[in-house]
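The values are calculated or read from the model by the stated rules, or taken from the named source; none is laboratory data. Only a predicted model underlies this, so the values are computations on that prediction, with no experimental measurement involved. No Cβ is skipped: glycine too gets one built from the backbone with ideal geometry, and neighbour counts run over all protein chains shown.
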Amino acid sequence: MHLEEITSPADIKDLSVRELRKLAREIRETIIERVSLNGGHLASNLGVIELTIALHYVFNSPVDKIIWDVGHQTYPHKLLTGRYGRFSSIRKYRGLSGFPKRNESEHDPFGTGHSSTSISAALGILEGRDKNGEQYKVIAVIGDGAMTGGLAFEGLNNAGHSKKDLIVILNDNEMSISRNVGALPAYLNRILTGDLYQKIKKETKARLESIPKLGGKASKIAQKTEEMIKRLFLPGIIFEELGFNYVGPVDGHDTELLIKTLKSVKKESSPTLLHVITKKGRGYEFSEKYPSLYHGIGPFKLETGSPVSGNPLTYSEIFGNTLTELAERDPRIIAITAAMKEGTGLDQFAKRHPDRFYDVGIAEQHAVTFAAGLATQGLKPVVAIYSTFLQRAYDEIIHDVCLQNLPVVFAIDRSGIVGEDGPTHQGTFDLSYLRHIPNIVVMEPKDETELKSMLKLAVNCDGPVAVRYPRGTVESLPTYSSALSPFRIGEAEILKDGKDVALVALGRAVYSAQRASEKLEKDGISAMVINARFIKPLDRNLLSSVFSLIPRIVTIEENALQGGFGSAVLEFLNEIEAPHIRVRRIGIPDVFIEQGQQSELRRQYGLDDEGIYLAVHSFLKEPTYTY
């Protein structure tokens, strides 16, 4: 049977082991080819192909529930669950999601995209099963990187206490996105061969039984000795102490062994953890050698593994390079990330200043409070985390940093519309969840020069500062690019004068507003363009002077309209009692943004040049009210 003939997991249950191995090769080839065209998560998917096949061979999805942690490794799962025909659309606009999605397939019982959620979700589903009087198995598949997240241990603790028949599969590939750090991964990687353990066990038992004086006590002593040997040699004791039966480790690429082991685990009636050893990127030379580079990748050439497009400078790289340079002159600067060293552009910082770089694992809450502790000691911690992941540290931002007014810098990568990773990764909420917190300064650069200036400003502030910037390459219009001279906190700039309407924009939207104003000029509409720079504090003086001259204002932001930058402008207008000013806000409506190219999504939500141009025309046609 070929891959294209599989319409559901039931189709593989009568295949021989040899046929399953052939199927694994087909899946591997299909994923490599499609990711080379679409981009996506490669290394993580190549590492779980045999495991996915074995899971669907032994269990009965969708009746049995398979919960994938993070979900970036579910391409094989999608191919085996009736989505082969749509696989060419993966991560494309209105195509298949790159992650599990409940409304995409009945085989996706729980949507994921962030780390460490699988065990808690699986336990909830298991309890729901029992409340409903149903019978099926629930399996959580979690990587060793995700196991560094505190939520995973909260789930393990509760699941072990419940004594329910939850199955947790620990996919141990020694890699999350960046190389794993911390005590747990080191512990899991301390694995000895089964032969050595069995030899020690047998020899110890034989020697004890050969001692005449022990008599019947020999077996009890042997049992206690065996437990002691397990504690010394096997990596599973931590899970057994949490209430799980530990099985493994087993080779995650041996299909026959996986099937045999899963069949045995399926019979268990108490919490069981199966430890599986896999190789991230398996089956493709370049991803095996450089798994972190091929974790999430754009389109690439199959023969060489090199990107199809060039390598223009990204905001992440500019951030990393700038922080590295600042750290050369200021020994107080510390860089912190949560398992995203390469993703946040901090790899060079880590090489140049290894004693001032900390990767804390997938533990955003810890990263923020750790930074707060450093700040109390006169240091300047810079926490680099994606916008969507910083959400998980919301309480720590308030309670541990802002309440104490500590000088922690939040470098918020992937803010705004992120693109093909879809709703779990769009960074469209950070302005709303940050700007209402007392003491924090929030700013957003329009280009490379401004990002550098903002970082320099941020590390010299005496309180908390957030600098948000987008995914991807920098954009600029030479005529309007920032001067090298520094600016003060809360200082906006007028890039283009005008009298009919003022376009007040943030970040990359500034240049879209600039191009829209040039089109409007051809229609006889004079549009002022303001680079706001700061969400908090607003440039009250500049805005007041503009409002006294121009009665129509358009705010433009890549953030949720609820509580975002436009809301801040409206609040300011209410505060100064300016009812004659009309405001049109352009931003993200009350929706979760699906996957697609950034340009497609900006067009959909009117955040590109044309969208702003049309919105202004529509706005100016509305009647002006007299108060």
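Every residue, every condition in (1) assigned to a helix (DSSP H, G or I); (2) in contact with a Phe, Trp or Tyr (Cβ under 6 Å, 6 or more places away or on another chain); (3) not assigned by TED's automatic domain parsing to the domain that holds residue 605, yes or no:
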site	(1), (2), (3)
504	no, no, no
519	yes, yes, no
542	yes, no, no
546	yes, no, no
558	no, no, no
563	no, no, no
571	yes, no, no
* Give me the pairs: first residue in region 345-371 and within 11 Å of residue 393 (Cβ to Cβ) and in contact (Cβ under 8 Å) with a residue 40 or more places away in the chain, second residue basic (Lys, Arg) and not in a strand (DSSP E or B), beta-carbon distance under 7 Å, and six or more apart or on different chains, which are they? -> 365/392
* Asked: Hey, does region 520-534 have a residue that's at pLDDT below 95, of a type in the set (Lys, Arg) and over 37 Å from the mean Cα position of the chain (by Cα)?
  -> no
* To do: Determine if region 530-538 includes at least one residue that is part of a strand (DSSP E or B), under 23 Å from residue 619 (Cβ atoms) and either among the charged types (D, E, K, R) or in contact with a Phe, Trp or Tyr (Cβ under 9 Å, 6 or more places away or on another chain) (or both).
  => yes
* Would you be able to say whether some residue in region 466-477 is outside any helix (DSSP H, G or I), outside the structural domain of residue 379 (by TED's automatic domain parsing), aliphatic (A, V, I, L, M) and within 21 Å of residue 620 (Cβ to Cβ)? => no
* To do: Residue by residue through region 301-332, note down the ones that are buried (at least 19 other Cβ atoms within 10 Å of the Cβ) and among the aliphatic types (A, V, I, L, M).
  => 318, 323, 326, 327
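So which of 8, 97 is within 30 Å of residue 290 (Cα to Cα) and in contact (Cβ under 8 Å) with a residue 60 or more places away in the chain?
Details: 8 fails: within 30 Å of residue 290 (Cα to Cα).
Residue meeting the stated conditions: 97.
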* Flag for residue 373 being of a type in the set (Gly, Ala, Ser) and surrounded by fewer than 20 Cβ atoms within 10 Å (Cβ to Cβ) -> yes
* **Residues (surrounded by fewer than 22 Cβ atoms within 10 Å (Cβ to Cβ) and among the β-branched types (Val, Ile, Thr)) located in region 270-300** => 272, 277, 297
* Asked: If you go through region 41-93 one residue at a time, how many are assigned to a helix (DSSP H, G or I) and among the charged types (D, E, K, R)?
  -> 3
* Return a yes/no flag: does region 441-456 have any residue that is assigned to a loop (DSSP other than H, G, I, E, B), free of Cβ contacts under 8 Å to residues at least 60 places away in the same chain, touching a Gly at 6+ places or on another chain (Cβ under 7 Å) and on the phi < 0 side of the Ramachandran plot. => no
* **Residue in region 579-593 that is in contact with a Ser or Thr (Cβ under 6 Å, 6 or more places away or on another chain) and either among the acidic types (Asp, Glu) or at pLDDT 95 or above (or both) present** => yes
* **Hits in region 294-319 (condition: free of Cβ contacts under 8 Å to residues at least 60 places away in the same chain and not in a loop (DSSP other than H, G, I, E, B))** => 307, 317
* May I ask you to list pairs of residues, at least six apart or on different chains, whose Cβ atoms are under 6 Å apart, with the first in region 106-130 being at positive phi and the second being crowded, with 22+ Cβ neighbours inside 10 Å and outside any loop (DSSP other than H, G, I, E, B)? => 116/146; 116/152
* **Residue under evaluation residue 97, criteria (1) surrounded by fewer than 16 Cβ atoms within 10 Å (Cβ to Cβ); (2) under 24 Å from residue 34 (Cβ atoms), criterion not met** => (1)
* Asked: How many residues does region 565-595 contain that are over 20 Å from residue 501 (Cβ atoms), crowded, with 23+ Cβ neighbours inside 10 Å and not hydrophobic (A, V, I, L, M, F, W, C)?
  -> 1
